[in-house]
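I have placed the structure first, in the form of structure tokens, so that the comments after it can refer back to it.
The values are calculated or read from the model by the stated rules, or taken from the named source; none is laboratory data. None of the values given here were measured: they were computed from a predicted structure. In this analysis, Cβ positions are derived from the backbone assuming ideal geometry, glycine residues included, and neighbour counts consider all displayed protein chains. Side chains are part of the model used for accessible areas, which takes the heavy atoms of the whole protein and leaves out ligands, DNA and RNA. Shrake-Rupley method; radii C 1.70, N 1.55, O 1.52, S 1.80 Å.
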Amino acid sequence: MANLVLAVLTARRIARNAAPLACALALGALVVLDAAAPLPPLAAATGLLVLLVALVQRARRRAAAIEASALLDLEVGALLLVATFAAVLRLDGSLDGDAHAALYVVIALVSAFARPGASLLVALAAAALEVAVRSAAAKRGAPSLVDVTRAAAPHIGFMAVFSLLNATILRAELGRVRKASHTRLQAEIERLRDDARSYRLLSAPAQARGAGAGQKGDDERLARSGVEEIHQSVLFALRLLRESLDLYTAVLLWQNDAGTHLRISELASDAPNLSEGPFLSGDGVFGAAITQRAPVVLGGLKPGYKLPYYVGPSPVRAVCALPVFEHGQLRGVLVVDRVEDRPFSPRELELIDEACRYAVRAIQNERVFVQLERAKIEQGKLYRAAEGLGAATTEPGVIEAGVTSAREITSVDFAAVTLYDEAQKVHEIRAVSGDGVAELTGQRFRHNAGLVSMVLQNRHPLPYRGEYDEKRQVVFTRRVTPPSMPSIIVLPLVVHDRPLGTLVLGSRRRAAFTDSVRSTLEVLASHMAVSLSNARMVRRLEELATMDGLTGLLNKRAMLEVADQKITAARRFSRRLSVLVTDIDHFKKVNDTYGHDVGDVIIKGLGDVLRRAKRTTDAVARFGGEEFVVICEETDARGAMLLAERVREELGRTTFHAAGSNGPVQCQVTCSIGIATYPEAGSTWEELFKAADESLYVSKRSGRNRSTAWSPAVRSNSAHPPAAEAGAPAKHAAEAAGAAKQAAEAAATARHAAEAAAAARHAGPATARSPATAAAARAAAAKPAAGAPAPQRRPAVTGGAGGAPAAQGHDGAPSAGKRATAAAQAPGKAPGEAEPRSKPRRPPDVDPTSKPKTAA
């Protein structure tokens, strides 16, 4: 279905793109038919209307496009060519009239503005249409196609000449103009950069080349605005000085960084013969002012006096040159002159000096403003980086946000994040962006002498200035290496002096990580480290909230959420779903016998068995105590029974080793499992779990160590136990009551015998009993009543398929029959009879090495 939809969409796109050309071909065919025989007026008008609509629509799209495609140029050229042929035929009736010259104009126009490939196709189409129209217009018995082609050859030749002329001459001229404009633009940009660097608005050229594209664009925008503001301020000061002192020219010349040349920074003058410079720093009045580092005033100049900033003789008679200083360093020269022969007074010199200080203050102010703007831009980048890192709550999200922010700060062609395991002293390359993703991702290496290890050890970025030499320096290991790049910097990721890892950035530009960039990247690395730590804490909190601490499986709350989702999916897609409830047999006796630490080992072992037995789509949870729940998607009762039997048999074969209170312990246990399947056992989680629990109860009552799948009979048996099992407690109770009655009669007989013996002793020798009487009394006291049960040893409780005896309840407590027997025997002791010494209670008879029986 997807392939069919893709094919339909592709066909629609091809048809939409080919529609204009198909329209041009159809209209060309109409032109040929019209040349053979004039079309009816209605058909001609319809064709003309369609042609005009298509031509206007394509022409408007071509005019709106900054760089049109070759297909669009071909469409416009073909439609325009068909329209011109139609117009020529309607005006002259043939292609030999005066209007045919319009075709040359169309060919020249298309060749001038369309792409070369489109121009060539349009010229070939014009030649073919010329031949077709001439052939259609020929009468019967007209010359053959060769003769028609020979007749059309001059027109086709002129078309080729016009096409070549416009394609070569006009395009060459357009290319020359573009190149000249580009050269002037680059020269203006370079002059602007020189001005900015001379005003200290931009960094050195090497640092500028090392900057990223984003940073370079920001610096250029700031420099352009700063230079413009400086020029406006200085021009205002020079104009004000010129008008107030009646000057002819006022010019500020700024010195280059080398101190060898001066160039005009700004001027105010009406002189037509000013030189653009640059000028040598030692020329004429410039050299005198720079050498003396003091104002130089000249008056009474001769008409032929030569000044460096004038071309030819200067028209001025007085000139003054003042050196411009910034923080005690010579920065340029301010030169003013006037035409009249009037020397500059001290007051005027003071005003000129004030103008110099004003220009310097304007430059300093703009420099501070540019620095503030640059700091604002860097803070904006850091703010966006902090916002992205704060929004990421996982380790991959934090790493992606950090690498993206680093690319915004500087030019980055390679990025990698390593995480450090402090306990094992092992580094792992967790994420890589750029070249070498497949080779480096997931690589692990121990703490060594590489840059990554040294950075974490010293808590400082390396290498110095980000200059990397792969022959002398190692980033990860000598076997695990990043791509070859001239600039690499490794930044530590540290939180509260605890190392988390490193951020490795590389660039193919030299000097990409300058001091300003490196400081910004250090701030980014600190934010990234905090976000990584937060992501780890969030992951740990999620694990604590959803995982059982002993087994690592889902806990009850998480299992309920997963159960709702899986049941909803099973209901929507009509799938089967099974729930298994597992419980360890006689687990309380294991705890009582060996201790709870051994019980924890068994619980964890059962969790491991379930984890190994489940599929990827299944969910296993510890529901509480020794009870586990397994939720299996797309599993019917038969498949669930197979899984349950596999779990039960594997647990029975497992021997658990633990350190008990009396030494090492080896123990084997069994489990009982109840199974319920959706939708037979229920349509909600509550119904499914109740059904599985009922099946588990049946497994327990049937002897344990077995699996039971739910069915309606299971529910009826759990609600109404079988008659034999239900009558057993009543039978035991009746037997216990009879035994109690017989014990009471025996006790009464013993009391009567005791009273008779006491009376005989009080009677003295005269009333003493005969030996036979005394012996009969002792025998009556010692002999139990007729029908009383003989003393019996308490039966042992065993696990496995044999189960517990019927006298013991589901939870391991004595049954009601035994409690009644004990209560009836309690008053059976004779008064004054000594309490027999109780025997020490035997531990539960759990055989540690017993093998479970396989359920039927």
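Points worth noting:
- One chain, two ends: A136 and R374. Fully extended at 0.36 nm per residue, the span grows by 78.4 nm beyond their Cα-Cα distance.
- Cα-based reach from K376 at 13 Å (exclusive), listing aspartates and glutamates while leaving out same-chain residues under 8 positions away: D218, D219
- Rg over Rh, two decimals, region 627-691 (C-alpha only, Kirkwood Rh): 1.15
- Reciprocal of mean inverse Cα separation for region 546-622 (Kirkwood radius, Å): 14.0 Å
- Debye log10 I(q)/I(0) at q = 0.14, 0.15, 0.28, 0.29 Å⁻¹ for region 273-322, Cα point scatterers: -0.34, -0.39, -1.17, -1.20
- Computed over region 465-547, the Cα gyration tensor eigenvalues convert (square root of 5λ each) into semi-axes of 31, 16, 9 Å, ordered from largest to smallest.
- Computed over the alpha carbons of region 256-347, Rg followed by Dmax gives 13.0, 38 Å.
- Excluding same-chain neighbours fewer than eight residues apart, the aspartates and glutamates reachable from K589 by a Cα-Cα span under 18 Å are D597, D600, E626, E627, D811, D845, D847.
- Within straight-line cross-link reach of K306, aspartates and glutamates at Cα separation under 19 Å, skipping those fewer than 8 residues along the same chain: D270, E276, D283, D337, E340, D341
- Computed over all pairs of different Cα atoms, the Kirkwood value for the hydrodynamic radius of region 329-377 is 13.3 Å.
- Maximal additional length on extending the H231-A613 stretch stands at 129.5 nm, based on 0.36 nm per residue less the C-alpha distance.
- Computed over every Cα-Cα pair of region 307-430 and binned at 5 Å starting from 0, the pair-distance distribution P(r) comes out as 2, 8, 11, 10, 9, 8, 6, 5, 6, 6, 7, 6, 5, 4, 3, 2, 1, 0 percent.
- Here region 408-540 is described by how far its Cα atoms reach on the three principal axes: 41, 32, 26 Å, from widest to narrowest.
- Relative counts (whole %) of C-alpha pair distances in region 362-482, using bins that are 5 Å wide: 2, 9, 15, 18, 19, 14, 9, 6, 4, 2, 1, 0
- Percent RCO, i.e. relative contact order, over region 219-357, from Cα pairs under 8 Å lying at least 6 residues apart: 23 percent
- Measuring nothing but protein heavy atoms, the accessible surface of region 240-332 at 1.4 Å probe radius is 54 percent carbon and sulfur.
- Surface per residue (accessible, 1.4 Å probe) for region 57-194, Å²: 59 Å²
- Extension gain for N273 to R342 (0.36 nm times residue separation, less C-alpha to C-alpha distance): 22.6 nm.
- Evaluated on region 508-654, the Kirkwood hydrodynamic radius is 18.6 Å, with distances taken between all distinct Cα atoms.
- Percentage relative contact order, region 254-297, counting C-alpha pairs under 8 Å, at least six apart: 29 percent
- Each of L25 and R646 was given a label point 7 Å from its Cα along the Cα-to-Cβ line. The distance between the two points is 6.3 nm.
- Violating pairs (Cα-Cα greater than 20 angstrom) within the set K556/K604; K566/K690; K425/K471; K425/K604; K566/K614: K425/K471; K425/K604
- Over all projection directions, the Cα-based convex hull of region 1-71 averages an area of 7.0 nm².
- Surface exposure of region 483-588, expressed per residue as accessible area with a 1.4 Å probe, stands at 46 Å².
- Overall dimensions of region 96-182, expressed as equivalent-ellipsoid semi-axes from the Cα gyration tensor (√(5λ), whole Å, largest first), are 33, 11, 9.
- A simple spin-label model places the labels of Q424 and A569 3.1 nm from each other, with each point 7 Å out along Cα-to-Cβ.
- Accessible solvent surface per residue of region 593-717, calculated while the other protein chains remain in place, 1.4 angstrom probe, Å²: 42 Å²
- Pair-distance distribution P(r) for region 1-157, from all Cα-Cα distances in 5 Å bins starting at 0: 1, 9, 16, 19, 19, 14, 10, 6, 3, 2, 1, 0 percent.
- Contact order normalised by residue count of region 4-85, Cα under 8 Å, 6+ apart, percent: 39 percent
- In this simple spin-label approximation, N591 and L71 carry label points 7 Å from Cα along the Cα→Cβ vector, and these lie 7.5 nm apart.
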